[in-house]
Amino acid sequence: MKHTPSSKPKAIIQVGLVVLLITAAATFLGALANPPVAPRANAVIPLPTPTVSDLQRNAAKDAQALLASQQAVTAHQTPAPALADVARKQPRQPLAAAAEIAVFQPIPNGITAGSGAIVQVRPPFSNNQYHIENAWYTDSAGASKRTFVFAGNVAGPGGEVTDQGVVILQTLQYVTVDGAPQVKTLETHAYTTTLTAGSLHITGAESSRLILQANANAITYFDLATLSFILP
Amino acid sequence: MIRPDMNMKLNQHLLITLGLCLSMAATLGAARNPLNPAVTRYAYIPAVSNTNIQTFGANNTAFTFGASRYMSTTNINTLKNLGCAQGKATPAATSTLVILDFGQPAYDAPTLSYGVYIFGSYAFRSVSDIAAASEAYLNQFYLCSPAGAYLYLVVGTVNYGSGVTREHGAAWSTMINNIAAWIVDPPSIASKVTILGGNDMEPSFGGRAQTRAWVDGYTSVFTNTSYLYNYGSCDGCPYSSCPSCTPNNYWSIEDVWYVSWGALPAYPVPEIYLTNGVHADQWYRMSLYGYTNHGQAFNFKGTLTQWQACQTNGPCQYLDNTPNAGWSQLYTKINNDLRTQKTLGPGSDITWSNSN
């Protein structure tokens, strides 16, 4: 067969394309046959040899799971008593029923500071949000209203401790709901320091100003009248 | 040398071969994906209209998000009202998880009794007061809920303060055992309710040694029914942007694992507050730690969000996951890895309100 001069390069290009396609296909098939060896998220990795206590606990947890699933089934099969009978089923009597009064009592172990006291109480915030070092409180309106100031730092993105100081003002009031006294939150507001000098700690109070000490020993004030930080 | 018609045929063959390879790869990939069967098995129903029902467990038990509460009272009538409200809010044939957090551990020397300082007033309440309040809640849930409704009630405290001791842990566990005994006392209400102990264990709240001692005290009188749910945080724990982070306050990852799973009664119901998924990532990594270091991943008994609390006591920038979002974040995270793949218990959302 004769070839014209112009058809030769075309044939070479076609052959080249075919070779490229075959190479690509071979690479693809090869990759299928030999998947990457880099660790995959779902790879089941070999376990270290569990200790005897690990094995015992794991078996106990497995037994608990089995028991829980059995209980879930049997719970629904348990004969349900008549509602009238259950209505007569009385809870035990509380010891502190008489203590439910609509005024705040002093918090134990408070250290008097200014018109209030410094206390260590469980803050009403998760450590995912704020890390609270301590608090100061004062009562007003015949002890039916309580103002808290919590001091600490703003938590980082994973709940880490940060240098961003914060005070949080919270106002609570006793209200009566269904004939029973209850504590209602009137306001919660956070104030962050302009300088990131570390977590804040309340050390005292002068009139309406709280004295705050940062981790870096810097002293600052928080003025309750103007709700602002004041440098000494 | 290739003729044009041959060239076309070859191209067709190559295309067919490639197509076959691709379809084979797809088939192989599907067969090798270990998640496929489980995804089907554990599929949950997304929020259905306004009922917010999802499912959990191997039997795909339906659940509705429960209203957990920070408690500032132990008033019996208040607790009765709250229990009844939760009963009415729980649809027939669904389960719900409710945590009643009564505050920080305390010991009252004059009455020689263990208890808590409740929120708000920080007044002392004994374990007897808390048991009575919890029983009132349980009783009214039974009376007000429809047939087939089921309540997991967690009565909790926290690892904050000097009252976190081994003795307090034992007293708390005894209280839970007593409530469990009251539930089955005739007339038994066990067909609709169960009781569990709880603790909001957060590294920054208290020392690792005191917290472990509290858990050990709880375990010392554990009766294989009064489980302990840790509904705390993993503050400072590793996550994708900080894989070498360690828990705050000198805790180790082993400490978090121990109080959440390692102790025999312990199970995690983690706070999944952050909208960007970091908390779900932290707890997935904790579960993976359990798998790789102790041979067992976590069985998460549920999730806790604070969407309601943020509505009244905010601001909670980026920390106000809805209950559905928090639950879905953790579910997705643990089920994207064969090693941590598990069912996930019901979600619950906490509020500061002690009224309906």
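The values are calculated or read from the model by the stated rules, or taken from the named source; none is laboratory data. Remember, it's a predicted structure, so these values are computed and weren't measured experimentally. Positions of Cβ are generated from backbone atoms using ideal geometry, with glycine treated the same way; all protein chains shown enter the neighbour counts. Areas reflect the complete protein model, heavy atoms only, side chains present, ligands, DNA and RNA absent. Shrake-Rupley method; radii C 1.70, N 1.55, O 1.52, S 1.80 Å.
Identify all aspartates and glutamates with a Cα-Cα distance to A:LYS184 below 17 Å; exclude those on the same chain that are fewer than 8 residues away in sequence.
The reachable aspartates and glutamates, counting only those whose Cα sits under 17 Å from A:LYS184, are A:GLU100, A:ASP139, B:ASP101.
How long are the semi-axes of the equivalent ellipsoid of region B:178-231, defined as square roots of 5 times the Cα gyration tensor eigenvalues? Whole Å, largest first.
Equivalent-ellipsoid dimensions as semi-axes: 28, 12, 7 Å.
Keeping all protein chains in position, work out how much accessible area B:LEU304 exposes to a 1.4 Å probe, and write it in Å² to the nearest 10.
Counting only protein heavy atoms, the figure is 0 Å².
Over region B:52-184, with every protein chain in place, what whole percent of the accessible area is carbon and sulfur at 1.4 Å, could you tell me?
It is 55 percent, rounded to a whole number.
Take the alpha carbon atoms of region B:134-201, find their center, do the same for region A:201-232, and report the distance between the two centers in whole angstrom.
The two parts, judged by their Cα centres, are 43 Å apart.
In whole angstrom, note down how far apart the Cα centers of region B:305-342 and region B:268-285 are.
The two parts, judged by their Cα centres, are 6 Å apart.
Quick check: net charge around B:SER355, other residues with Cβ under 13 Å of its Cβ, Lys/Arg +1 and Asp/Glu -1? The partial results should precede the final answer.
Numbers: positive: A:LYS184, B:ARG69, B:LYS80; negative: A:ASP178.
With Lys, Arg at +1 and Asp, Glu at -1, the net is +2.
Find the all-direction average of the projected area of the Cα convex hull for region B:227-311, expressing the result in square nanometres with one decimal place.
Value for region B:227-311: 5.8 nm².
For region B:235-251, list whatever residues lose no less than 10 Å² of accessible surface once every protein chain is in place, relative to that chain by itself, with the probe at 1.4 Å.
Flagged in region B:235-251: B:ASP235, B:GLY236, B:TYR239, B:CYS245, B:ASN248.
Treating the beta-carbon of each Lys and Arg as +1 and of each Asp and Glu as -1, no other charges, what is the dipole magnitude of region B:111-224 about its Cα centre, to the nearest 20 debye? Display every interim value, and only then the final one.
Details: 5 positive and 7 negative charges, 25 e Å.
Here the size comes out at about 120 debye.
In Å² (nearest 100), what accessible area is buried between B and A, both sides summed, heavy protein atoms only, 1.4 Å probe?
On the way: alone 16080 and 16760 Å², together 25160 Å².
Summing both chains' loss of accessible area gives about 7700 Å².
I'd like the Kirkwood hydrodynamic radius of region B:225-267, using the inverse of the mean 1/r over distinct C-alpha pairs, in Å.
11.1 Å
Using a 1.4 Å probe, how large is the accessible area of B:SER260, given in Å² and rounded to the nearest 10?
Near enough 0 Å² of accessible area.
Whole-Å semi-axes of region A:128-232's equivalent ellipsoid, largest first, each the root of 5 times a Cα gyration tensor eigenvalue?
Gyration-tensor ellipsoid for region A:128-232: 27, 17, 9 Å.
How much net charge surrounds B:VAL278 when only other residues with a Cβ under 13 Å from its Cβ are counted (Lys, Arg +1; Asp, Glu -1)?
Around B:VAL278, the charge tally is -2.
Please list log₁₀ I(q)/I(0) at q = 0.19 Å⁻¹ for region B:211-356, using the Debye equation with identical point scatterers on the alpha-carbon positions.
-1.17
From the C-alpha gyration tensor of region B:109-153, pull out the three semi-axes of the equivalent ellipsoid (sqrt of 5λ each), sorted largest to smallest, in whole Å.
For region B:109-153, the semi-axes come out at 29, 11, 7 Å.
With a 1.4 Å probe and all protein chains left in place, how much of the accessible area of region B:226-312 comes from carbon and sulfur atoms, in whole percent?
Values: 1200 of 2320 Å².
Ligands and nucleic acids excluded, carbon and sulfur reach 52 percent.
Please list log₁₀ I(q)/I(0) at q = 0.10, 0.16, 0.19, 0.26 Å⁻¹ for region B:270-356, using the Debye equation with identical point scatterers on the alpha-carbon positions.
-0.26, -0.60, -0.77, -1.19
Any idea what the alpha-carbon Rg over 2.2 N^0.38 Å comes to for region B:138-210? Could the numbers behind the result be given before it?
Values: Rg = 15.2 Å, N = 73, 2.2 N^0.38 = 11.2 Å.
Compactness ratio reported: 1.36.
Less than 13 Å Cβ to Cβ from B:SER134, Lys/Arg counted +1 and Asp/Glu -1: what total charge do the surrounding residues give? Kindly include the intermediate steps, with their values, before the conclusion.
Values: positive: A:ARG92, B:ARG69, B:LYS80, B:ARG125; negative: B:ASP101, B:ASP129, B:GLU135.
My count for the surroundings of B:SER134 gives +1.
Report, please, the projected area of region A:59-188 averaged over directions, based on the convex hull of its C-alpha atoms, in nm².
On the way: hull surface 58.2 nm².
Averaged projected hull area, Cα only: 14.6 nm².
If A:GLU187, B:GLU135 are ordered by their accessible area, calculated over protein heavy atoms with a 1.4 Å probe, which sequence runs from highest to lowest?
My answer, sorted largest first, is A:GLU187, B:GLU135.
What is the ratio of the Cα radius of gyration of region B:131-276 to 2.2 N^0.38 Å, with N the residue count, to two decimals?
Compactness ratio reported: 1.14.
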